[in-house]
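Each remark here refers to the structure printed beneath this line.
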Amino acid sequence: MSLFVYLITYAGIVIFCAAVLKRIISYINNPMHVRWELYPVPHEGGGKAEYGGSYLEEVDWWKKPRETSKINELKVMAAEILGLKAVYEYNRPLWFVTYPFHIGLYFTVMFLVFLFIGSIAGLMGIEALTIMAIVKFTGPLGFILTICGAAGLLYKRLTDENLKIYSSIEHYFNLILFIVTMGVAVLTWLFVDPDFVMAKTFIAGLISFKLTGISNPLFLIQIFLIVATITYIPFTHMSHFFMKYFLYHDIRWDDKPNIDSPETNAKINVVLNYPITWSAEHIAGHGKKTWAEVATFNPEAQTEKEQ
Amino acid sequence: MSKKSLTINDVSKASPILTKVDNEDLMPLPWNIKEKESKDIAEGIQNDYACILDDVSVLNIPKPKTKEEEQELVDKFISGMKKSFSRTDNWTFLTMLETTMENCAKCNTCSDACHLYEASGQNEMYRPNYRTEIFRRIYKKYVKKEPFSDLRNGKVDLNWRTIARLGEMSYRCNICRRCAQACPIGADNALVAREIRKIFSQEMGIAPPELHKGGSVNQMRTGSSTQMNAMVAKDNVEFIDEDFAEETGYEFHTPWDVEGADILLIHNAGEIMAWPDNIAAFSIIFEAAGLSWTLSSEVAGYDSINYGVFYDDVQYARTAILHAQAAKKLGVKKIVLAECGHAHKALTVIADRVLPEGLQIPRESCFPLLRDIVKSGKIKFDPSRNNFPVTLHDPCNVTRLMGIIKPQREIMKELCPQFREMVPNGPHNYCCGGGSGFAIMHRNNIGDWRNKVTGRKKISQILNAFSDSRGPEIEKYVCAPCSNCKGQIRDLIEGYELLDKEQLTYGGIVELIVNAMVDVNPGFINWEEF
Ligand code: SF4
Ligand code: SF4
């Protein structure tokens, strides 16, 4: 049984990484998209970000050096990641339940990271008391906050008429999965592994490939559920936890202009030579095959001449 | 069907219409201003077109007459949807569409940001995510073919009604992207509305006549969506020059086709017909500032509109290329966009990754240039000539989508002693209600709908901005520096009878600049001519 759970964990980690990578690679491999930024863009420098301004506020902007600020961008990211600012501003009732859920998950991730570090330290013969103290703090806090948040979200989705319309079985399933997984984690912490010694041993076994026999059934169920949940996440809309990076940085805040950029021009050249197969008469009716051919052709001028 | 009981799958049901906004549902307006009765949709329209969404018909989808035609509508839409997710057919927006399909948490955080949702009394059909959710469910089941899609994503029945209503619903959105700004994930429901419009136009050949036949097609055929060819446009501008030289006492002449000029100025040609004072004001300011500039008489060179941004990527790209070709032919140093928001966005930002090498002439907004002129001291101003309450409408395309916020305000603060902001403003502004092409639509009862629903939030913002200056004895001015916004605000003022009752008028920013010029006769802006 223990060996089986070890194998499941290895498989889960591999599937999780592969699914995340697949999404990212597929995103990166998409063709260049047009600019579609949305202001305020926080990396605008010179005080512009504060009021939502841009470099386009200058005459001959292409001749002027662009002021940008990474610090501003980091500040906005921090408020969004740590405070869920957009939900706080635009959907306060939801924030009260989604915030504990997300913060609970952050603490749970911290717990896993520190448990991993503690396990490595253990393998090296270091006791790492501070690390384990953080583990003992973040773990239970993370589990409990996630349960509260997920239960709140579930309640909202079941009772709020407006959310109900947009909630599918998957939404309910996901939230119940989190409640059950974290619930089992709390029970394991309370009754089986209060100091996370077993968890540390398990992780150490994973790292060192010494698959130490752990026989407690509740602990093994906990591991199974955590692995299943983590593996499942990138296959759902919860993939936003990493895709949000691209949605913000590559779309919403992508204001990079093309000022004689050989790199962008090469990409324009590629996309303009893509074939185009839209069927409407005004596109397909003139025998033109590529974007470049279609876009540089004025069918109406042609019609005029022919008449 | 009551707005409360609307579910996603209602879109496919055989009810006569999906929903309707009744007067009692509407968001209340300030000042108890009188609501006009809206006309019903004309009977002839109902016979010919699929008017099954609500009580308006914008897209005019021909009503299928046989089972085969019904199926054809569905099949063509699905075929187009497949192309929306193709990297070659939709390289322009594939990335944004895919990420919106996959990452939306269906949390409804975007809903309250939408002025249509609010104005309609929270009618479900206007919720930004409603049409997206229908589109998403169809995509996941019929195009992506996700296993257990009904369970995972929710159910939607696919029939001709679903498609006809979805198409029409893509024209119940101003594509102002205020909802996208509120989304914590970065998903974009405005984009989805536009993608649906694209499928209808690019695959099915269905688009509102004002945008396609009477819009981008006319522009490519005659040079302008107004159908003015270059000769007529030149004649009209010459007439404007003479007329306004006399009125203002300021001699000026609008230059055409000056090779090697620094600036090619491109107006929305609708201004020539509807707001000649705007054309004259630009010419007066540019001449007074001693700029090297010109207009172009090339096809599309004298009309900055690019309606493709509202509904069709191909028409968009063709028009952007025509604009760039006009500039290249004259050998100008840069293109300056006059007061037209969508033209700003189309040619400066989106075109950035569309125009091929050789056509990438630098492009900029008129607002920074006007700000610099006002502040340069080259022209003498008397701000007391603008001593009436003025508020500023921010066109979404210029502010939220381009970040041009301050130059307009610097001009206002310099020249308008009673300038006051609307709330909210800048990148968080509300659309005027004419965005995405609606402003030029007057067909059937579309005008009534624009006044009642789409422009409702804007008129309420405008009234609130003037709450300290009520009454017909105080002249008030809404500065709307965009042709489409101006058209919409004109219709709002007319519809709510605010010129007579409140001496409320509207115009662009250049009119305020010229109105304050010492070298020009006083009274460039007046409240008699509307
Ligand atoms: S678009 Fe964004 S805000 Fe709107 S429902 Fe989806 S995730 Fe929520
Ligand atoms: S783009 Fe504007 S009009 Fe359309 S749904 Fe979003 S907020 Fe509403």
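The values are calculated or read from the model by the stated rules, or taken from the named source; none is laboratory data. What you are looking at is a predicted structure, and each value in this text was computed from that prediction instead of being measured. In this analysis, Cβ positions are derived from the backbone assuming ideal geometry, glycine residues included, and neighbour counts consider all displayed protein chains. Heavy atoms of the whole protein, side chains included, go into the accessibility calculation; ligands, DNA and RNA do not. Shrake-Rupley method; radii C 1.70, N 1.55, O 1.52, S 1.80 Å.
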Filtered residue count, the stretch A:164-182, keeping only those that are in contact (Cβ under 8 Å) with a residue 40 or more places away in the chain and either of a type outside the set (Ser, Thr, Tyr) or within 14 Å of another protein chain (Cβ to nearest Cβ) (or both): 6
Residue within the stretch B:130-138 that is within 28 Å of residue A:23 (Cβ to Cβ), more than 16 Å from ligand 1 (Cβ to nearest atom) and in contact with a strand residue (DSSP E or B) (Cβ under 7 Å, 6 or more places away or on another chain) present: no
Given (1) in a helix (DSSP H, G or I); (2) more than 16 Å from ligand 1 (Cβ to nearest atom), index of the condition residue B:209 fails: (1)
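Only one of B:424, B:383, B:362, B:417 is open to solvent by 10 Å² or more (accessible area, probe 1.4 Å) and not assigned by TED's automatic domain parsing to the domain that holds residue B:476. Can you tell me which?
None of the others qualify; the one that does is B:362.
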Any hit, the stretch A:292-299, residues being modelled with pLDDT under 95, open to solvent by less than 30 Å² (accessible area, probe 1.4 Å) and within 24 Å of residue B:209 (Cα to Cα): yes
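Among the residues in the stretch B:81-93, are any within 16 Å of ligand 2 (Cβ to nearest atom), among the hydrophobic types (A, V, I, L, M, F, W, C) and open to solvent by less than 10 Å² (accessible area, probe 1.4 Å)?
Within the stretch B:81-93, one or more residues are within 16 Å of ligand 2 (Cβ to nearest atom), among the hydrophobic types (A, V, I, L, M, F, W, C) and open to solvent by less than 10 Å² (accessible area, probe 1.4 Å).
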Single match in B:68, B:124, B:72, B:118 (criterion: within 14 Å of another protein chain (Cβ to nearest Cβ) and more than 29 Å from residue B:5 (Cβ to Cβ)): B:72
Selection count, the stretch B:505-522, where residues are within 14 Å of residue B:476 (Cα to Cα) and open to solvent by 10 Å² or more (accessible area, probe 1.4 Å): 1
Candidate set: the stretch A:33-61, residues that are open to solvent by 50 Å² or more (accessible area, probe 1.4 Å) and at pLDDT 95 or above; chosen: the one nearest to the chain's Cα centre (by Cα): A:50
Pair list, Cβ under 7 Å, 6 or more apart: the stretch A:78-93 residue over 15 Å from residue B:179 (Cα atoms), other residue in a helix (DSSP H, G or I) and within 16 Å of ligand 2 (Cβ to nearest atom): A:80/A:86
Residue within the stretch B:160-169 that is more than 12 Å from ligand 1 (Cβ to nearest atom) and either open to solvent by 30 Å² or more (accessible area, probe 1.4 Å) or not assigned by TED's automatic domain parsing to the domain that holds residue B:61 (or both) present: yes
Residue in the stretch A:184-195 that is open to solvent by 40 Å² or more (accessible area, probe 1.4 Å), in the same structural domain as residue A:118 (by TED's automatic domain parsing), in contact (Cβ under 8 Å) with a residue 60 or more places away in the chain and not acidic (Asp, Glu) present: no
Residue ranges of helices (runs of 4 or more DSSP H) in the stretch B:64-126 with at least 1 members free of Cβ contacts under 8 Å to residues at least 24 places away in the same chain and more than 16 Å from ligand 1 (Cβ to nearest atom): B:67-84, B:94-103
Selection from the stretch B:95-117 of residues that are of a type in the set (A, V, I, L, M, F, W, C), more than 10 Å from ligand 2 (Cβ to nearest atom) and over 18 Å from residue A:157 (Cα atoms): B:96, B:97, B:101
Residue B:145 being surrounded by fewer than 24 Cβ atoms within 10 Å (Cβ to Cβ), without any contact (Cβ under 8 Å) to a residue 40 or more places away in the chain and either on the phi > 0 side of the Ramachandran plot or within 13 Å of ligand 2 (Cβ to nearest atom) (or both): yes
Search result, residues across the stretch A:138-159 that are within 14 Å of residue B:108 (Cα to Cα) and free of Cβ contacts under 8 Å to residues at least 24 places away in the same chain: A:157
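Just for the stretch A:240-271: of the residues that are among the hydrophobic types (A, V, I, L, M, F, W, C) and open to solvent by less than 20 Å² (accessible area, probe 1.4 Å), which one is nearest to the other protein chains (Cβ to nearest Cβ)?
A:247
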Matching residues in the stretch B:166-193 - criterion: being assigned to a helix (DSSP H, G or I) and more than 10 Å from chain A (Cβ to nearest Cβ): B:166, B:167, B:168, B:169, B:189, B:192, B:193
Those residues of the stretch B:200-217 which are more than 8 Å from chain A (Cβ to nearest Cβ) and free of Cβ contacts under 8 Å to residues at least 60 places away in the same chain, in sequence order: B:213, B:214
So residue B:470, is it assigned to a loop (DSSP other than H, G, I, E, B), open to solvent by 40 Å² or more (accessible area, probe 1.4 Å) and under 23 Å from residue B:501 (Cβ atoms): yes
